[in-house]
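Take a look at the structure below.
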Amino acid sequence: MNEILSVGVILVAALVAGHVAQLLRVPEVTGYLLVGAAIGPSTLDLISHENLTTLAFLSEVALGLILFNIGSIFEASNLRHVGPGIVRVTLWEASLAFALVGVTLALAGLDWPLAVLLAVVAMETAPATTMMVLNEYDAKGPLTDRLLALVALNNMYVLVTFGIVTAVLSLTQPSTDGWLLTGYRAGHGLAWTTMGSVALGVVVGVFADLLSSRAKEYGEALILVIGVVLVAVGASRWLGLSPLISTLALGATVANTSVHGERLLGGLGQADPPLYAAFFVLAGAELVPASVLGLGAAGLCYTVARATGKIVGARVGLRGQDVPDPVRRQLGYCLVSSSSLAVGLTIQIRTAFPDYAATVTGIVLAAVVIFEIVGPLLTRRALLLTGEAQTMPAPLAEAASGNASP
Amino acid sequence: MSSFLGVRLDVTPGQKLLGQPWLKVRIALVSALVLVVGALLAPRAAQPVSVPDASAVPLLGEQARREAARPVGGLQSVAAGAARFSLAMPPPTSDTAPSTLRDYSPPLTRLVRPAGFGVVVSAAGDVLTHESALEGRATARVQTATGAFEDARIVAYEPATGLTLLRVPVATPLEAPALASRAEAGALVAAVGRWEGRVIAQPAFISSVGPDAYTIASPGDPLLPGSPVYNSDGQLLAIAAGGHQSGRAFPAAEALARLAARAAAGRAHPPSIGVAFQPLDGELTRAFGQPGALVSEVIEGGPADAAGLIPGDLLVGINDGPIDSSDAALRTLAALASDSETVLRVVRDGRSRTLTVTVGSALAMVALARSAELEEAGPLPEARTLWTAEQLRSAGIPAAARVLRIEGRAVTSRSQALRELRRTRPSSLVYLLHERRRFFASIGEQP
């Protein structure tokens, strides 16, 4: 299938899947992911590996826009409500997932470096999936306020921890370069991916701010936003930085510098649904559903320990904070989803520690299939239970209006 | 609360945290500085070896995510592509190249070039290449078809040919190219590589077929070391040593079998003491007067150099066994264990001496030899300026060979060389350099 046809098929499939998802009362994201998995190379092969490779840039652009949006949550007045609280929750939920997965896997008999690497991957929560579910239900409230900022902080925390862990582990690996060079390389890599990426986001953000006063019309604002996000993603790739952190920093900078920030961010909302739909169908197409069958005992430990760590960690982190009880109970469930960052880390682990490649890939790919499907469902449930979902899922709304006017 | 992560948050609603123009500019400048300093401090990556096969090691990078779930192959392999390139190629004598050749074969004049190429030869991620592509390092960095860089380790190395087998970590099995049987002289071939996402195919032809190696002539730039050479059926024929427009290439099928045997025997790095031997024949036998292995080269900084061995020494025994030829010396040395202490008995200036040497690895010697080559310079006189063509022919000395020493004395100029020759007549033992090889010869006076 040529790439234009494949994009067409993806969008039409996404539309159908979205409707079916509403009928089944599951989030649209789940529908997109499932239809992606169905037409992807692992199942029906309507979308081939070649298509996925050529369309990779679509996913990158979409992820960049999503993270740009999430970054804008770090606007100073927003943070005033939830700031220190979410830092604490992030530290708790991610660290507990790390500790539980690490200890469980080590007890299950895995090598300790392998257990530690998997534990870092377990810390991650999917930003894109979470944001899509919140958008779909127009969620508003204390849970929603915290969730996106939490996910953004979580991703940064994961990248920093991953940098530190790989740096320490690479020092324990035999190397011909000597520990000084290895250590320097690892240390520079860590500082570069974090500080460098933030710096890039800030530079591009200030640049966007300078241009934003000129971009008056809706169309111009849209061009500006997509333009600077592409610049940030592309420059990150060119400089070997993290596109994830740089687009987050870009969003945060625009939100905090530009009085036109809201207009810029708002402009995006009307133009991006096709891109996001394509992003999730593509993400689904990359899943390998059959890998779940090969999960094994270690994989099961990983899955259970990670979910437990996230759910319990978030609850402990919220202790003493002024939030409604349902939020305290449900926040952790919203953090269970896992996706592209986990896969990205796995690929880096495979390169840096080839001995562990097979085990890490096997466990993480299978776990991502589970968490990507279960995560949005849990988030939806949490939104309904806390009453933060503003739009009712369509069939319910129809049923309600049908009852009201017989 | 008034601050978050150290940033003061008590701004009035409607006002932006970083709203003031001077603050924005300052933050942007600091960020730009961070980027510049970070980029300047980046550790230098080793120059990579590029793996041409399209099915090579799909890891790392954005695209690699898509590759992760891929079963075997999928992309069109370069081997199949090579068939097209070579069929579209004109005979090397033709003056007009068809446009297809220009499309596929961009000139290798980019500033940044790979150190060499390699080719994936097994599903497990074995990559066949040549030592020159490694530039003397014991580790290699390999760029795969997806553009990712991988650290490869050496699993086998053959000192005689310089062929090296690397292993690149792979998650999914790879597709290895079909191997060709022997080819005839005159056959058209293509040396194929991949660099910066482009397949680079270079036309070449086999100019002669030797027992162990082909001579391959390429009308364009010299082939890069380790370049896989494909025949017109797209089968992997040989691995080029590279570096010259007319250079050696070693049959891939045989090389692979030998290297696999070495890898299986656990001898990734064969032992070496860093010397080259020269068989004693003709005039040299008389000059030395007894059988043995003549040490023609000692690699500076190598184990033999450290032990005090010098070119011109005649090796007559290793440990307790006698050595009567250079072949015997090579055989005996190859059986030694790395890092073992070995006793060498040599004859120098007619006197017998005993030296103790610690055996090293052959690949380390390649690195030392390479660094020594760079230092080698100086206005050494050519053999043709000192002797007649007939003298040179009878002594087996190439006319362009340069004279390093005469009877142990270093040569600095032609006039000094002539003085030495007068001093040492009627016959002189001379030490020469030709095409990066050093050797001894015994040469008589002009009749």
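The values are calculated or read from the model by the stated rules, or taken from the named source; none is laboratory data. Everything numeric in this text was worked out from a predicted model, so none of it was measured. All Cβ positions, glycine included, derive from the backbone under ideal geometry; neighbour counts span all protein chains shown. All accessible areas refer to the heavy atoms of the entire protein, side chains included, with ligands and DNA or RNA removed. Shrake-Rupley method; radii C 1.70, N 1.55, O 1.52, S 1.80 Å.
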*Pairs only if they're at least six apart or on different chains, beta carbon under 6 angstrom, first in region B:18-39 and within 19 Å of A:MET195 (Cβ to Cβ), second surrounded by fewer than 20 Cβ atoms within 10 Å (Cβ to Cβ); list them, first residue then second.*
B:VAL34/A:MET195
*region A:224-238 residues that are more than 11 Å from chain B (Cβ to nearest Cβ), paired with ones that are of a type in the set (Phe, Trp, Tyr) and open to solvent by less than 20 Å² (accessible area, probe 1.4 Å) (beta carbon under 8 Å, 6 or more apart)*: A:VAL225/A:PHE68; A:VAL229/A:PHE68; A:ALA232/A:PHE68
*Check region A:183-192 and report whether any residue there is more than 29 Å from the chain's Cα centre (by Cα), assigned to a helix (DSSP H, G or I) and more than 8 Å from chain B (Cβ to nearest Cβ).*
yes
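For region A:249-270, how many residues are at pLDDT 80 or above and away from every other protein chain (no Cβ under 14 Å)?
Going residue by residue through region A:249-270, those that are at pLDDT 80 or above are A:249-257.
Now drop any that are not away from every other protein chain (no Cβ under 14 Å), which leaves none.
Here the count works out to 0.
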_Total residues in region B:386-398, condition open to solvent by 40 Å² or more (accessible area, probe 1.4 Å) and either of a type in the set (D, E, K, R) or not in a helix (DSSP H, G or I) (or both)_ = 5
*So which helices (runs of 4 or more DSSP H) are wholly in region A:268-330 and hold at least 3 residues that are among the aliphatic types (A, V, I, L, M)?*
A:273-286, A:296-317
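Does A:ARG237 qualify as being of a type outside the set (A, V, I, L, M, F, W, C), assigned to a helix (DSSP H, G or I) and either open to solvent by less than 20 Å² (accessible area, probe 1.4 Å) or closer than 30 Å to A:ARG315 by Cα (or both)?
Working: of a type outside the set (A, V, I, L, M, F, W, C): yes; assigned to a helix (DSSP H, G or I): yes; either open to solvent by less than 20 Å² (accessible area, probe 1.4 Å) or closer than 30 Å to A:ARG315 by Cα (or both): no.
The answer is no for A:ARG237.
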_Among the numbered criteria (1) open to solvent by less than 10 Å² (accessible area, probe 1.4 Å); (2) at pLDDT 85 or above; (3) more than 13 Å from A:ALA94 (Cα to Cα), which one does A:MET123 miss?_
(3)
_Looking at region A:16-60 only, could you name the residues that are within 14 Å of another protein chain (Cβ to nearest Cβ) and in a loop (DSSP other than H, G, I, E, B)?_
A:GLY40, A:PRO41, A:SER42, A:THR43, A:ASP45, A:ILE47, A:SER48, A:LEU55
_Test set (1) outside any helix (DSSP H, G or I); (2) open to solvent by less than 50 Å² (accessible area, probe 1.4 Å); (3) modelled with pLDDT under 85 - B:LEU294 fails condition number_ = (3)
*Which residue out of B:SER232, B:SER218, B:SER272 is open to solvent by less than 10 Å² (accessible area, probe 1.4 Å), in contact (Cβ under 8 Å) with a residue 24 or more places away in the chain and of a type in the set (S, T, N, Q)?*
B:SER218
*For region B:226-254, how many residues meet the condition of being at pLDDT below 80 and assigned to a loop (DSSP other than H, G, I, E, B)?*
7
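Could you check how many residues of region A:207-223 are over 25 Å from the mean Cα position of the chain (by Cα), in a helix (DSSP H, G or I) and within 14 Å of chain B (Cβ to nearest Cβ)? Full working, then the answer.
The first filter runs over region A:207-223 and keeps only residues over 25 Å from the mean Cα position of the chain (by Cα), leaving A:207, A:209-221.
From the residues that got through so far, the ones that are in a helix (DSSP H, G or I) too are A:207, A:209-212, A:218-221.
So of that shortlist, the ones also within 14 Å of chain B (Cβ to nearest Cβ) come out as A:207, A:209-212.
Number satisfying all stated conditions: 5.
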*Return the residue satisfying two criteria in turn: it lies in region A:327-341 and is at pLDDT 80 or above and closer than 23 Å to A:ALA285 by Cβ, and of such residues it is nearest to the other protein chains (Cβ to nearest Cβ).*
A:SER338
*Single residue of A:GLY85, A:GLY71 found to be in contact with a helix residue (DSSP H, G or I) (Cβ under 6 Å, 6 or more places away or on another chain), assigned to a helix (DSSP H, G or I) and surrounded by 19 or more Cβ atoms within 10 Å (Cβ to Cβ)*: A:GLY71
*asked:* Quick check on my filter: what residues within region B:389-447 are touching a residue at least 60 places away in the same chain (Cβ under 8 Å) and small (Gly, Ala, Ser)?
replied: B:ALA395, B:GLY396, B:GLY408, B:SER427, B:ALA441, B:SER442, B:GLY444
_Can you pull out every residue in region B:414-443 that is more than 24 Å from B:GLY350 (Cβ to Cβ) and open to solvent by 40 Å² or more (accessible area, probe 1.4 Å)?_
B:ARG414, B:SER415, B:LEU418, B:HIS434, B:GLU435, B:ARG436, B:ARG437
_Residue under question is A:GLY375, and the condition is that it be over 22 Å from A:VAL82 (Cα atoms), open to solvent by less than 20 Å² (accessible area, probe 1.4 Å), away from chain B (no Cβ under 14 Å) and not aromatic (Phe, Trp, Tyr); does it hold?_
yes
_If I go through region B:310-365 residue by residue, how many of them are in a strand (DSSP E or B) and at pLDDT below 80?_
2
